[in-house]
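The values are calculated or read from the model by the stated rules, or taken from the named source; none is laboratory data. Since the structure is predicted, the reported quantities are computational estimates derived from the model, not experimental observations. Cβ sites come from the backbone with ideal geometry, for glycine too, and all protein chains shown count toward neighbours. Surface areas here come from the heavy atoms of the whole protein model, side chains and all, with no ligands, DNA or RNA. Shrake-Rupley method; radii C 1.70, N 1.55, O 1.52, S 1.80 Å.
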Amino acid sequence: MSLFNVYPLFDITPAFAKDVFVYDTNNVKYLDLYGGHAVISIGHSHPHYIQRISEQLQKIGFYSNAIQNPLQSALATKLCKLSSCKDYQLFLCNSGAEANENALKLASFYTGKKKVLAFKNGFHGRTSAAVAATDNPKIIAPINAQQEVDLVTLGDIHAVEDILKQNKTCAVIIECIQGVGGLDEMPTAFYKAVAKLCKQHNTLLITDEVQSGFGRTGDFFAFQNHEITPDIISMAKGMGNGFPIGGILIHPDLKASFGMLGTTFGGNHLACVASLSVLEIIERQHLMQHTKELSTYFIEKAQTLSKLTKVKGRGLMLGLEFDFSIVELRKTLLYKHHIFTGNSKNPNLLRILPPLTIQKEHIDQFIDALQQEL
(Lines give C-alpha, C1' and ligand atoms only; values in the text may rest on other atoms or scores of the structure.)
Protein backbone atom coordinates (compact mmCIF):
# COMPACT_ATOMS: atom_id res chain seq x y z
CA MET A 1 0.00 0.00 0.00
CA SER A 2 1.37 3.42 -0.94
CA LEU A 3 1.03 6.60 1.10
CA PHE A 4 -1.41 9.28 -0.09
CA ASN A 5 1.12 11.69 -1.55
CA VAL A 6 0.15 15.09 -0.15
CA TYR A 7 3.46 16.15 1.44
CA PRO A 8 6.55 17.40 -0.43
CA LEU A 9 9.32 15.77 1.60
CA PHE A 10 12.94 16.67 2.30
CA ASP A 11 15.31 13.74 1.81
CA ILE A 12 15.98 13.35 5.55
CA THR A 13 14.86 10.53 7.84
CA PRO A 14 15.12 11.43 11.55
CA ALA A 15 16.10 8.50 13.76
CA PHE A 16 16.25 10.12 17.19
CA ALA A 17 16.36 13.58 18.77
CA LYS A 18 17.62 15.25 21.93
CA ASP A 19 16.78 18.77 23.12
CA VAL A 20 17.42 21.10 20.14
CA PHE A 21 19.08 18.49 17.90
CA VAL A 22 17.70 15.88 15.49
CA TYR A 23 19.83 12.98 14.22
CA ASP A 24 19.04 11.20 10.96
CA THR A 25 19.55 7.55 9.94
CA ASN A 26 23.06 8.45 8.74
CA ASN A 27 23.81 9.92 12.17
CA VAL A 28 23.96 13.46 10.77
CA LYS A 29 23.21 16.03 13.48
CA TYR A 30 20.74 18.83 12.70
CA LEU A 31 20.03 21.96 14.73
CA ASP A 32 16.24 22.20 14.99
CA LEU A 33 15.12 25.82 14.70
CA TYR A 34 11.63 24.87 13.56
CA GLY A 35 10.40 22.35 16.12
CA GLY A 36 8.12 20.57 13.65
CA HIS A 37 5.88 23.66 13.13
CA ALA A 38 6.39 25.02 16.70
CA VAL A 39 5.35 21.73 18.31
CA ILE A 40 8.55 21.01 20.25
CA SER A 41 8.33 23.43 23.16
CA ILE A 42 10.48 21.85 25.90
CA GLY A 43 13.06 20.16 23.67
CA HIS A 44 13.08 16.72 22.13
CA SER A 45 13.07 13.70 24.47
CA HIS A 46 13.10 15.68 27.71
CA PRO A 47 13.77 13.11 30.49
CA HIS A 48 10.92 14.37 32.72
CA TYR A 49 8.50 14.22 29.79
CA ILE A 50 9.55 10.67 28.94
CA GLN A 51 9.34 9.56 32.57
CA ARG A 52 5.85 10.99 33.15
CA ILE A 53 4.37 9.46 29.98
CA SER A 54 6.09 6.11 30.60
CA GLU A 55 4.79 5.91 34.17
CA GLN A 56 1.26 6.78 33.06
CA LEU A 57 1.32 4.22 30.25
CA GLN A 58 2.04 1.51 32.82
CA LYS A 59 -1.14 2.53 34.71
CA ILE A 60 -3.77 3.38 32.08
CA GLY A 61 -3.26 5.02 28.72
CA PHE A 62 -6.81 5.67 27.64
CA TYR A 63 -10.43 5.54 28.53
CA SER A 64 -13.28 7.58 27.12
CA ASN A 65 -14.82 10.72 28.57
CA ALA A 66 -17.64 8.65 30.05
CA ILE A 67 -15.66 8.27 33.28
CA GLN A 68 -13.87 10.48 35.83
CA ASN A 69 -10.35 11.54 34.80
CA PRO A 70 -8.64 13.58 37.54
CA LEU A 71 -5.73 14.28 35.19
CA GLN A 72 -7.98 16.64 33.23
CA SER A 73 -8.70 18.65 36.37
CA ALA A 74 -4.99 18.65 37.28
CA LEU A 75 -4.17 19.99 33.82
CA ALA A 76 -6.84 22.69 34.12
CA THR A 77 -5.44 23.77 37.50
CA LYS A 78 -1.88 23.96 36.21
CA LEU A 79 -2.98 25.82 33.09
CA CYS A 80 -4.83 28.36 35.21
CA LYS A 81 -1.73 28.99 37.30
CA LEU A 82 0.77 29.39 34.48
CA SER A 83 -1.46 31.19 31.98
CA SER A 84 -3.19 33.47 34.51
CA CYS A 85 -6.48 32.76 32.69
CA LYS A 86 -8.44 32.60 35.91
CA ASP A 87 -11.97 31.14 35.87
CA TYR A 88 -11.79 29.97 32.24
CA GLN A 89 -13.14 26.48 31.53
CA LEU A 90 -11.15 23.81 29.67
CA PHE A 91 -12.33 21.55 26.86
CA LEU A 92 -9.73 19.11 25.55
CA CYS A 93 -9.44 17.70 22.04
CA ASN A 94 -6.68 16.41 19.78
CA SER A 95 -5.33 19.13 17.48
CA GLY A 96 -5.31 22.81 16.61
CA ALA A 97 -7.83 22.43 13.80
CA GLU A 98 -10.17 20.58 16.13
CA ALA A 99 -9.70 23.27 18.79
CA ASN A 100 -10.70 26.00 16.34
CA GLU A 101 -13.58 23.91 14.99
CA ASN A 102 -15.00 23.53 18.50
CA ALA A 103 -14.40 27.21 19.25
CA LEU A 104 -16.38 28.28 16.19
CA LYS A 105 -19.14 25.77 16.90
CA LEU A 106 -19.43 27.00 20.49
CA ALA A 107 -19.61 30.62 19.31
CA SER A 108 -22.44 29.73 16.95
CA PHE A 109 -24.31 27.88 19.69
CA TYR A 110 -23.91 30.81 22.09
CA THR A 111 -24.85 33.66 19.74
CA GLY A 112 -27.34 31.86 17.50
CA LYS A 113 -25.49 33.28 14.47
CA LYS A 114 -23.46 31.50 11.79
CA LYS A 115 -21.10 33.85 9.95
CA VAL A 116 -17.41 34.10 10.84
CA LEU A 117 -15.00 37.00 10.46
CA ALA A 118 -11.38 36.02 9.87
CA PHE A 119 -8.31 37.81 8.54
CA LYS A 120 -6.31 37.60 5.34
CA ASN A 121 -3.13 35.50 5.59
CA GLY A 122 -4.63 33.71 8.61
CA PHE A 123 -4.40 29.95 9.09
CA HIS A 124 -6.74 28.07 11.44
CA GLY A 125 -6.65 24.43 10.33
CA ARG A 126 -7.99 22.03 7.75
CA THR A 127 -11.36 20.93 9.17
CA SER A 128 -14.71 22.25 7.96
CA ALA A 129 -15.21 25.70 9.51
CA ALA A 130 -11.54 26.14 10.45
CA VAL A 131 -10.35 25.73 6.86
CA ALA A 132 -13.12 28.00 5.57
CA ALA A 133 -11.73 30.68 7.89
CA THR A 134 -8.22 30.07 6.51
CA ASP A 135 -6.97 32.36 3.76
CA ASN A 136 -5.89 29.67 1.29
CA PRO A 137 -8.37 28.75 -1.49
CA LYS A 138 -6.20 25.77 -2.54
CA ILE A 139 -7.11 23.82 0.61
CA ILE A 140 -10.80 24.76 0.73
CA ALA A 141 -13.00 22.09 -0.90
CA PRO A 142 -16.48 22.92 -2.19
CA ILE A 143 -18.02 21.27 0.88
CA ASN A 144 -16.03 23.65 3.10
CA ALA A 145 -16.99 26.71 1.04
CA GLN A 146 -20.59 26.50 2.24
CA GLN A 147 -19.38 28.06 5.49
CA GLU A 148 -20.04 31.81 5.52
CA VAL A 149 -16.79 33.64 6.20
CA ASP A 150 -15.79 37.27 5.72
CA LEU A 151 -12.04 37.73 5.17
CA VAL A 152 -10.74 41.14 6.21
CA THR A 153 -7.30 42.72 5.90
CA LEU A 154 -5.48 42.55 9.23
CA GLY A 155 -5.64 46.03 10.77
CA ASP A 156 -8.73 47.23 8.89
CA ILE A 157 -10.95 48.07 11.86
CA HIS A 158 -13.51 49.87 9.68
CA ALA A 159 -14.17 46.69 7.69
CA VAL A 160 -14.54 44.78 10.96
CA GLU A 161 -17.10 47.28 12.22
CA ASP A 162 -19.07 47.32 8.95
CA ILE A 163 -19.41 43.52 9.06
CA LEU A 164 -20.18 43.10 12.77
CA LYS A 165 -22.91 45.74 12.82
CA GLN A 166 -24.89 43.57 10.37
CA ASN A 167 -25.45 41.27 13.38
CA LYS A 168 -24.83 38.01 11.47
CA THR A 169 -21.37 37.13 12.79
CA CYS A 170 -20.99 34.59 15.59
CA ALA A 171 -17.21 34.93 15.98
CA VAL A 172 -14.11 36.87 15.09
CA ILE A 173 -11.15 34.49 14.96
CA ILE A 174 -7.68 35.99 15.00
CA GLU A 175 -4.03 35.07 15.43
CA CYS A 176 -2.48 37.91 17.42
CA ILE A 177 0.74 36.99 15.61
CA GLN A 178 0.08 35.31 12.27
CA GLY A 179 2.08 32.11 11.90
CA VAL A 180 1.82 30.65 8.39
CA GLY A 181 0.90 34.14 7.17
CA GLY A 182 4.34 35.54 7.98
CA LEU A 183 4.56 36.83 11.58
CA ASP A 184 2.46 39.96 11.09
CA GLU A 185 1.12 41.67 14.23
CA MET A 186 -0.88 44.86 14.64
CA PRO A 187 -0.56 47.52 17.37
CA THR A 188 -2.47 46.91 20.61
CA ALA A 189 -5.07 49.54 19.70
CA PHE A 190 -6.35 47.33 16.87
CA TYR A 191 -6.90 44.26 19.05
CA LYS A 192 -8.62 46.37 21.71
CA ALA A 193 -10.90 47.88 19.10
CA VAL A 194 -11.81 44.43 17.75
CA ALA A 195 -12.60 43.20 21.27
CA LYS A 196 -14.78 46.23 21.92
CA LEU A 197 -16.73 45.76 18.69
CA CYS A 198 -17.28 42.08 19.51
CA LYS A 199 -18.85 43.06 22.84
CA GLN A 200 -21.06 45.66 21.17
CA HIS A 201 -22.39 43.26 18.54
CA ASN A 202 -22.87 39.97 20.44
CA THR A 203 -19.92 38.36 18.68
CA LEU A 204 -17.40 36.08 20.40
CA LEU A 205 -13.69 36.84 20.15
CA ILE A 206 -11.58 33.73 19.52
CA THR A 207 -7.82 34.12 19.80
CA ASP A 208 -6.03 31.37 17.91
CA GLU A 209 -3.01 30.51 20.08
CA VAL A 210 -2.35 27.15 18.42
CA GLN A 211 1.13 28.21 17.36
CA SER A 212 1.77 31.17 19.65
CA GLY A 213 0.62 29.66 22.95
CA PHE A 214 2.40 27.82 25.76
CA GLY A 215 5.12 30.42 26.25
CA ARG A 216 6.34 30.71 22.67
CA THR A 217 6.12 34.51 22.61
CA GLY A 218 7.53 34.97 26.12
CA ASP A 219 4.01 35.49 27.43
CA PHE A 220 1.95 32.36 27.98
CA PHE A 221 -0.41 33.51 25.21
CA ALA A 222 0.29 36.12 22.53
CA PHE A 223 -2.95 38.03 23.20
CA GLN A 224 -1.75 38.88 26.72
CA ASN A 225 0.54 41.55 25.28
CA HIS A 226 -2.54 43.44 24.09
CA GLU A 227 -4.69 43.75 27.24
CA ILE A 228 -7.75 42.00 25.83
CA THR A 229 -9.99 39.25 27.25
CA PRO A 230 -10.96 36.66 24.62
CA ASP A 231 -14.14 34.67 24.92
CA ILE A 232 -12.38 31.53 23.68
CA ILE A 233 -8.68 30.68 23.40
CA SER A 234 -7.61 27.82 21.13
CA MET A 235 -4.33 25.95 21.70
CA ALA A 236 -2.40 22.88 20.55
CA LYS A 237 1.12 22.47 19.03
CA GLY A 238 3.52 23.19 21.95
CA MET A 239 0.88 21.97 24.39
CA GLY A 240 2.03 18.34 24.17
CA ASN A 241 5.61 18.62 22.83
CA GLY A 242 4.69 16.16 20.08
CA PHE A 243 1.91 14.21 21.75
CA PRO A 244 -1.37 14.97 19.94
CA ILE A 245 -3.43 17.27 22.14
CA GLY A 246 -5.43 20.45 21.67
CA GLY A 247 -7.95 22.41 23.63
CA ILE A 248 -9.95 25.56 24.12
CA LEU A 249 -10.19 27.81 27.15
CA ILE A 250 -13.75 29.11 27.49
CA HIS A 251 -14.75 32.30 29.31
CA PRO A 252 -16.96 31.67 32.38
CA ASP A 253 -19.84 33.62 30.80
CA LEU A 254 -20.30 30.73 28.36
CA LYS A 255 -22.26 27.91 29.97
CA ALA A 256 -21.96 24.23 29.06
CA SER A 257 -24.70 21.70 28.44
CA PHE A 258 -24.45 17.94 28.02
CA GLY A 259 -23.65 16.94 24.44
CA MET A 260 -22.75 20.47 23.28
CA LEU A 261 -19.18 19.38 22.49
CA GLY A 262 -17.60 15.95 22.50
CA THR A 263 -14.56 13.86 21.57
CA THR A 264 -13.42 10.26 21.90
CA PHE A 265 -9.69 10.72 22.30
CA GLY A 266 -9.55 14.29 23.61
CA GLY A 267 -8.26 14.65 27.17
CA ASN A 268 -7.12 11.04 27.44
CA HIS A 269 -4.77 10.01 30.24
CA LEU A 270 -1.56 10.05 28.18
CA ALA A 271 -2.37 13.38 26.54
CA CYS A 272 -3.07 15.03 29.89
CA VAL A 273 0.18 13.75 31.38
CA ALA A 274 2.11 14.90 28.30
CA SER A 275 0.73 18.43 28.64
CA LEU A 276 1.15 18.46 32.43
CA SER A 277 4.81 17.55 32.02
CA VAL A 278 5.25 20.36 29.48
CA LEU A 279 3.80 22.86 31.97
CA GLU A 280 5.96 21.49 34.79
CA ILE A 281 9.10 21.92 32.70
CA ILE A 282 8.11 25.42 31.55
CA GLU A 283 7.67 26.36 35.19
CA ARG A 284 10.76 24.63 36.64
CA GLN A 285 13.14 25.81 33.92
CA HIS A 286 11.62 29.33 33.76
CA LEU A 287 11.24 28.93 30.00
CA MET A 288 9.02 31.96 29.46
CA GLN A 289 11.63 34.29 30.93
CA HIS A 290 14.33 32.37 29.06
CA THR A 291 12.34 32.86 25.83
CA LYS A 292 12.29 36.63 26.31
CA GLU A 293 16.03 36.75 27.01
CA LEU A 294 16.94 34.57 24.03
CA SER A 295 14.62 36.56 21.79
CA THR A 296 16.46 39.77 22.65
CA TYR A 297 19.78 38.06 21.93
CA PHE A 298 18.52 36.61 18.63
CA ILE A 299 17.21 39.96 17.39
CA GLU A 300 20.46 41.74 18.30
CA LYS A 301 22.52 39.15 16.42
CA ALA A 302 20.16 39.16 13.44
CA GLN A 303 20.57 42.91 12.98
CA THR A 304 24.12 42.24 11.77
CA LEU A 305 22.92 40.27 8.73
CA SER A 306 23.17 41.73 5.26
CA LYS A 307 20.11 41.78 2.97
CA LEU A 308 17.84 41.61 6.04
CA THR A 309 14.88 43.98 5.75
CA LYS A 310 13.06 43.18 8.99
CA VAL A 311 12.90 40.92 12.07
CA LYS A 312 9.28 40.02 12.79
CA GLY A 313 7.48 38.34 15.66
CA ARG A 314 8.03 38.04 19.40
CA GLY A 315 9.74 35.66 21.78
CA LEU A 316 10.81 32.55 19.89
CA MET A 317 8.13 32.95 17.24
CA LEU A 318 10.30 34.91 14.84
CA GLY A 319 10.74 35.67 11.16
CA LEU A 320 13.73 37.00 9.23
CA GLU A 321 12.56 38.90 6.17
CA PHE A 322 15.08 39.39 3.36
CA ASP A 323 15.04 41.25 0.06
CA PHE A 324 14.94 37.97 -1.90
CA SER A 325 13.14 34.62 -1.92
CA ILE A 326 14.45 32.31 0.82
CA VAL A 327 13.67 29.02 -0.99
CA GLU A 328 17.28 28.22 -1.91
CA LEU A 329 18.68 29.68 1.32
CA ARG A 330 16.47 27.39 3.35
CA LYS A 331 17.66 24.34 1.40
CA THR A 332 21.29 25.40 1.84
CA LEU A 333 20.81 25.81 5.58
CA LEU A 334 19.32 22.32 5.73
CA TYR A 335 21.62 20.30 3.49
CA LYS A 336 24.91 22.19 3.92
CA HIS A 337 24.70 23.58 7.46
CA HIS A 338 22.24 20.99 8.85
CA ILE A 339 19.81 23.52 10.30
CA PHE A 340 16.01 23.14 10.17
CA THR A 341 14.10 26.38 9.51
CA GLY A 342 10.61 27.17 8.22
CA ASN A 343 8.89 29.21 5.53
CA SER A 344 5.57 31.05 5.25
CA LYS A 345 3.19 32.65 2.76
CA ASN A 346 5.70 35.50 2.60
CA PRO A 347 8.27 34.14 0.10
CA ASN A 348 11.05 36.28 1.56
CA LEU A 349 10.56 35.24 5.18
CA LEU A 350 12.55 32.57 7.03
CA ARG A 351 10.48 31.34 9.98
CA ILE A 352 12.20 30.46 13.28
CA LEU A 353 10.29 28.35 15.86
CA PRO A 354 12.91 26.53 17.96
CA PRO A 355 12.40 24.59 21.18
CA LEU A 356 12.17 27.06 24.05
CA THR A 357 15.28 25.42 25.55
CA ILE A 358 17.52 26.89 22.83
CA GLN A 359 20.77 28.52 24.05
CA LYS A 360 22.89 31.41 22.79
CA GLU A 361 25.48 29.12 21.18
CA HIS A 362 22.75 27.63 18.99
CA ILE A 363 21.72 31.10 17.81
CA ASP A 364 25.38 31.89 17.12
CA GLN A 365 25.66 28.74 15.00
CA PHE A 366 22.64 29.81 12.96
CA ILE A 367 23.79 33.42 12.48
CA ASP A 368 27.28 32.23 11.46
CA ALA A 369 25.72 29.97 8.82
CA LEU A 370 23.60 32.82 7.50
CA GLN A 371 26.56 35.18 7.34
CA GLN A 372 28.49 32.66 5.28
CA GLU A 373 25.67 32.31 2.77
CA LEU A 374 24.64 35.97 2.59
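Annotations
- Length available on full extension from Tyr7 to Ala74: 0.36 nm per residue minus the Cα-Cα distance, which gives 20.4 nm.
- The reciprocal of the average 1/r between distinct C-alpha atoms defines the Kirkwood hydrodynamic radius, which for region 4-44 equals 11.1 Å.
- Look at the alpha carbon pairs under 8 Å that are at least 6 residues apart: their mean separation over the length of the chain gives a relative contact order of 23 percent.
- Leading residue at positive end of dipole, region 1-145 (Cβ point charges), from Ile60, Gly36, Pro137: Pro137
- Dividing the convex hull volume of the alpha carbon atoms of region 49-113 by its residue count gives 132 Å³ per residue.
- Charge dipole magnitude, Cβ of K and R +1, D and E -1 - the chain, Cα centre, debye nearest 20: 500
- When the Cα atoms of the chain are aligned to their principal axes, the ranges along those axes come out at 56, 53, 47 Å in descending order.
- Gln365 paired with Lys196, simple spin-label distance in nm, labels 7 Å along Cα-to-beta-carbon: 4.8
- Here the dipole of region 132-240 is about 180 debye; that uses its Cα centre as origin and unit charges on the Cβ of Lys and Arg (positive) and Asp and Glu (negative).
- Under Stokes-Einstein, with the Kirkwood radius over Cα pairs as Rh, the value for region 156-200 at 10 °C and 1.306 mPa s is 140 µm²/s.
- For region 194-349, size of Cβ-based charge dipole, Lys and Arg +1, Asp and Glu -1, in debye: 440
- The number of Lys pairs in region 71-119 with C-alpha atoms less than 30 Å apart, excluding pairs fewer than 8 positions apart on the same chain, is 10.
- Three-way shape call for region 212-258 based on the alpha-carbon gyration tensor, with the a/c threshold at 1.5: oblate
- Three-way shape label, region 1-123, alpha-carbon gyration tensor, a/c 1.5: oblate
- Accessible surface computed residue by residue for region 241-334, with neighbouring protein chains in place and a 1.4 Å probe, gives 43 Å² per residue.
- Projecting label points 7 angstrom from Cα along Cα→Cβ for Tyr297 and Phe265 puts them 3.7 nm apart.
- Peptides 51-58, 256-263 ordered by packing proxy, namely the average of other Cβ atoms within 10 Å per residue, highest first: 51-58, 256-263.
- Distance from the Cα centroid of region 1-27 to that of region 207-279 is 28 Å (rounded to whole angstrom).
- Comparing Val28, Val180, Val20 in a Gaussian network model of the chain (Cα springs below 10 Å), the most mobile by mean-square fluctuation is Val28.
- Percent of alpha-carbon pairs separated by more than 21 Å within region 222-318: 54
- Helix-only arithmetic for the chain: the sum of -39500 (n - 2.57) across DSSP H runs with n ≥ 4, divided by the residue total, places the mean residue ellipticity at 222 nm at -10500 deg cm²/dmol.
- The count of lysine pairs in region 226-374 with alpha-carbon distances below 15 Å, taking only pairs 8 or more places apart or on different chains, stands at 7.
- Prolate/oblate/rounded label for region 73-206 (Cα gyration tensor, a/c 1.5): rounded
- Taking amide H as placed 1.01 Å from N in the peptide plane, Gln89 has its amide H under 5 Å from the amide H of Ile250, His251, each at least 5 places away in sequence or on another chain.
- Summary value for region 290-374: 32 percent relative contact order, contacts being C-alpha pairs under 8 angstrom separated by 6+ residues.
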